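Novice: One structure follows; several queries about it will come next.
The values are calculated or read from the model by the stated rules, or taken from the named source; none is laboratory data. Owing to the predicted nature of the structure, the values given are computational and were not obtained by experimental measurement. Heads up, the Cβs are rebuilt from the backbone with ideal geometry, glycines too, and the neighbour counts pull from every protein chain shown.
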Amino acid sequence: MILHVVKYGHPALRQKGARIEKITPEIKSLAANMLETMHVNKGVGLAAQQVGKALQLTVIDVREIKERPSTLELKGKPADANDFMPLILINPEIKPSGEAVDDREGCLSFPGIYAEVTRPECVDVKALTQKGKPIEFRCGGLLARVIQHEVDHLNGILFIDRMSVATKSEIRPELDELQAQTKAELEAGS
């Protein structure tokens, strides 16, 4: 089922997600619906907050992006990141490492808005899979960037919070317009 992706200005985007203590059929269904929603919207990641749920759950799939490669290591050995896609991470914890690099980011909650964001190039990840099994890996490239972006969402942090003041002021008109539109939609719906 395709879910509604909330846009900038919606209060759910600023909520820290609750830990998922038990992987219920509802959580599995939510994850499946989030994957479908992400693919339909041509995204590479989607956090539960983006569909109005304050939970520690994100879905990721970077297979379609060939021009921005991803790396993945399991137990210190290189692995093909595509073999792990789509990735469903529950209660993820990350430890960024490596040099900080600038790259362009977008977000399904900010349609049409793209800007440079600085993030560490690698990240160590610990999470649960949809089956409740622990998973640990290190990743780099696009996958590391997407995981950091999505884990930020799970903590109520948006990619605009990571932008330089200059970058954010460049896109301020679009941000203000999107926020006003979201506010109007929320008021009309209540």
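Novice: Looking only at residues in the range 74-131 that are closer than 27 Å to LYS28 by Cβ and β-branched (Val, Ile, Thr), which one is surrounded by the fewest Cβ atoms within 10 Å (Cβ to Cβ)?
Specialist: Filtering the range 74-131 for residues that are closer than 27 Å to LYS28 by Cβ and β-branched (Val, Ile, Thr), the one surrounded by the fewest Cβ atoms within 10 Å (Cβ to Cβ) comes out as THR129.
Novice: Name every residue in the range 135-162 that is over 16 Å from the mean Cα position of the chain (by Cα) and either farther than 21 Å from SER70 by Cβ or of a type in the set (Val, Ile, Thr) (or both), in order of residue number.
Specialist: Result: ILE135, single match.
Novice: I would also like to ask the following. Considering only residues of the range 6-40 that are of a type in the set (Val, Ile, Thr) and outside any loop (DSSP other than H, G, I, E, B), which is nearest to the chain's Cα centre (by Cα)?
Specialist: Across the range 6-40, the extreme among qualifying residues is THR37.
Novice: Find the residue count for the range 160-186, including only residues that are among the β-branched types (Val, Ile, Thr), surrounded by 14 or more Cβ atoms within 10 Å (Cβ to Cβ) and within 24 Å of ARG119 (Cα to Cα).
Specialist: The first filter runs over the range 160-186 and keeps only residues among the β-branched types (Val, Ile, Thr), leaving 160, 165, 167, 171, 182.
Add one more test, that the residue is surrounded by 14 or more Cβ atoms within 10 Å (Cβ to Cβ), and what stays is 160, 167, 171, 182.
Going one step further and asking which of them are within 24 Å of ARG119 (Cα to Cα), we end up with 160, 167, 171.
Selection size over the range 160-186: 3.
Novice: Sticking with this one: If a residue has to be charged (D, E, K, R), under 26 Å from ALA12 (Cβ atoms) and over 12 Å from the mean Cα position of the chain (by Cα) to count, how many in the range 41-83 make the cut?
Specialist: Number satisfying all stated conditions: 2.
Novice: Quick test of your reading of the structure: VAL123 fulfils all but one of (1) under 15 Å from the mean Cα position of the chain (by Cα); (2) touching a residue at least 60 places away in the same chain (Cβ under 8 Å); (3) within 18 Å of ASN91 (Cα to Cα). Name the failing condition by number.
Specialist: That leaves (2) as the condition not met.
Novice: How many residues does the range 116-142 contain that are closer than 30 Å to GLN181 by Cα and out of contact with any Phe, Trp or Tyr (no Cβ under 8 Å at 6 or more places or on another chain)? Quick ask: steps written out before the conclusion?
Specialist: Just the residues of the range 116-142 that are closer than 30 Å to GLN181 by Cα, to begin with: 116-119.
Narrowing the set further to residues that are out of contact with any Phe, Trp or Tyr (no Cβ under 8 Å at 6 or more places or on another chain) leaves 116, 118-119.
Looking only at that region, the number is 3.
Novice: Has the range 88-97 got at least one residue that is modelled with pLDDT under 95, touching a Cys at 6+ places or on another chain (Cβ under 6 Å), of a type outside the set (Lys, Arg) and on the phi > 0 side of the Ramachandran plot?
Specialist: no
Novice: Okay, moving on. Could you run through the range 75-95 and say how many residues are charged (D, E, K, R) and touching a Lys or Arg at 6+ places or on another chain (Cβ under 9 Å)?
Specialist: The number of residues fulfilling the criteria is 2.
Novice: Tell me, which strands (runs of 3 or more DSSP E) lie completely within the range 41-100 with 1 or more residues that are out of contact with any helix residue (DSSP H, G or I) (no Cβ under 9 Å at 6 or more places or on another chain)?
Specialist: Per the criteria, 70-74, 77-79.
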